[in-house]
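In what follows, a structure is listed as structure tokens, so that the remarks can point back to it.
The values are calculated or read from the model by the stated rules, or taken from the named source; none is laboratory data. Computed from a prediction, not measured in an experiment: that's the story for all the values here. So basically every Cβ, Gly included, is an ideal-geometry build from the backbone, and we count neighbours across all protein chains shown. Calculation scope for accessible area: heavy atoms of the full protein, side chains included, ligands and nucleic acids excluded. Shrake-Rupley method; radii C 1.70, N 1.55, O 1.52, S 1.80 Å.
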Amino acid sequence: MASTETKVLDEIIASRRAMILGGSALAGLLLTKQAKAAATVTSYTDADVLNFALNLEYLEANFYYLAAFGTTIDVANAASTAVGAPVITLSATVGTKGTVAHKANPQVPFTLEAVAAYAVETAIEEAKHVAFLTGALGSAAVAQPQIDLTGGASYPATAAWNTLATAAGVAGGVFDPFASDAFFLLGAYVFEDVGVTAYHGAAPLLTNIANVSPAAGILAVEAYHAGLIRTTLNAIDTDGSLAGITNSISMLRSTLSLAANGGKNLAGGTTPDDFGIMPQTVNLGGTSAQATQLVDADANVLAFARNTTQVLNIVTGGGATTAGTKATGVFFPAGLNGLFS
């Protein structure tokens, strides 16, 4: 359930975003320049960049809605209605419109009230990101693509979450993020850091300065989510097993990212561009305690950045390593909609 505090926070975020954006924040979407991100794209518009982000927001929003409410972003039920979660009308028609594959009754059986509240708050915020981007893009907005969020013992090894678990070497290759508080947090961990790196990497691609502010605003919210997920995982990790899984996930994300960029990170180096929560021991008045490293960043403590090809390679499980071939697989079995795909 959403607490009073999470509702207030959501209202503050919404009002501040409105103040920052104004009525014409995403004007001039058709300005073009030479691409620096995707290996096979030679020119693009700001709309193309924002549509790439919209694909990722469709994925995140549906994941959180399924976990928090047991429904997708376009369908209301008692749980979503009770907290005022928006129903997103999927009216965009650019590209191929798809559905969301998921288990029956996906709502997580939360046992920790705080985690349930975080799930509700994040679901609402990610859905509002979808609404904001589709509204700003108007007729240029891409449709929701086919999304796979299946996994667990009742699904084959090729299910999205099972494929990721196998590649990361965790959970015996069987992973269901809707099974418990911990598994939900690990699922959220998969997405949030990727969102931060994607928005950071996309910022230099935007031509119109008016588009940079809202993109930075969304990046900041994604970073809030990522820090919260890392903190909460550390708080409930009584034996270090969850930290170990985050490290395995981060290693996989980094491997996929660097593979899509010739073995280098976006800065041109060969060091990993992803780190797990890495719990560390601190001394509190002579008593040892465990704390997590909140920030996933480089040596200068700057958030990692990834280009569209690197992000594509992560969310499709390696589908973006062949130039000229549409990236498909894992969470996007038919690929993303839009130019960067």
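Annotations for the structure displayed:
- Given charges at beta-carbon only (K, R positive; D, E negative), |dipole| of the chain in Debye: 800
- Per-peptide average of other Cβ atoms within 10 Å, ordering 278-286, 296-304 highest first: 296-304, 278-286
- For the chain, complete DSSP H runs whose alpha carbons reach 24 Å or more along their own long axis and whose mean Kyte-Doolittle score is 0.0 or higher are 4-21, 46-69, 113-137, 181-202, 209-236, 241-259.
- Cα gyration tensor shape for segment 208-341, rounded if a/c is under 1.5, else prolate or oblate: prolate
- Within the chain, antiparallel bridges make up roughly 75 percent of the DSSP beta bridges whose residues both belong there.
- Given in Å, the Rg to one decimal and the Dmax to the nearest whole number for the Cα atoms of segment 156-281 are 15.8, 48.
- Burial ranking of peptide ranges 145-158, 53-66 (average Cβ count within 10 Å, highest at the top): 53-66, 145-158
- Under a 5 Å amide H cut-off, with hydrogens placed 1.01 Å from N, GLY329 pairs with ALA334, GLY335 among residues at least 5 apart or on other chains.
- Peptides ranked, highest mean first, by Cβ atoms within 10 Å: ranges 232-241, 164-173: 164-173, 232-241
- Protein accessible area in the chain, 1.4 Å probe - carbon and sulfur %: 60
- Taking all protein chains as shown and a probe of 1.4 angstrom, LYS264 keeps an accessible surface of around 100 Å².
- Here the Karplus relation 6.51 cos²θ - 1.76 cosθ + 1.60, evaluated at θ = phi - 60°, turns the backbone of segment 261-277 into coupling constants of 10, x, x, 10, 7, 5, 7, x, x, 10, 6, x, 10, 6, 9, x, 6 Hz, with x for every Gly and Pro.
- Placing pseudo-labels 7 Å out from each Cα toward the beta carbon at ALA267 and ALA82 gives an inter-label distance of 4.6 nm.
- Distance between segment 96-140 and segment 220-283 - C-alpha centres, whole angstrom: 22
- Pairs of Cα atoms nearer than 8 Å and 6+ residues apart set the relative contact order; for segment 279-333 it is 18 percent.
- Contact order, relative form, for segment 248-293: 30 percent (alpha carbon pairs under 8 Å, 6 or more residues apart, mean separation divided by residue count).
- Coupling constants for segment 284-290 follow from the phi torsions by the Karplus curve (6.51 cos²θ - 1.76 cosθ + 1.60, θ = phi - 60°), and in residue order they are 10, x, x, 10, 7, 9, 9 Hz; glycine and proline get x.
- Solvent-accessible area of ILE245 with every protein chain in place, 1.4 Å probe, in Å² to the nearest 10: 40
- Of the GluC sites (Glu not before Pro) found in segment 80-158, not one falls in a DSSP loop while having at most 14 other beta-carbon atoms within 10 Å.
- The chain, relative contact order in percent, only Cα pairs under 8 angstrom and at least six apart counted: 20
- Calculated Cα Rg over 2.2 N^0.38 Å (choose from (i) 1.58; (ii) 1.33; (iii) 0.94), label: (iii)
- The simple Förster model, with R0 at 35 Å and r as the Cβ-Cβ distance, assigns LYS326 and ASN283 a FRET efficiency of 0.10.
- Per-residue ³J(HN,Hα) for segment 89-105, Karplus 6.51 cos²θ - 1.76 cosθ + 1.60, θ = phi - 60°, Hz, x for Gly and Pro: 7, 8, 9, 5, 10, 6, x, 9, 6, x, 10, 10, 7, 7, 5, 5, 6
- Helical mean residue ellipticity (222 nm; -39500 (n - 2.57) per DSSP H run of 4+; nearest 500) of the chain: -15500 deg cm²/dmol
- Residues in segment 126-212 average 30 Å² of solvent-accessible surface per residue, probe 1.4 Å, ligands and nucleic acids excluded.
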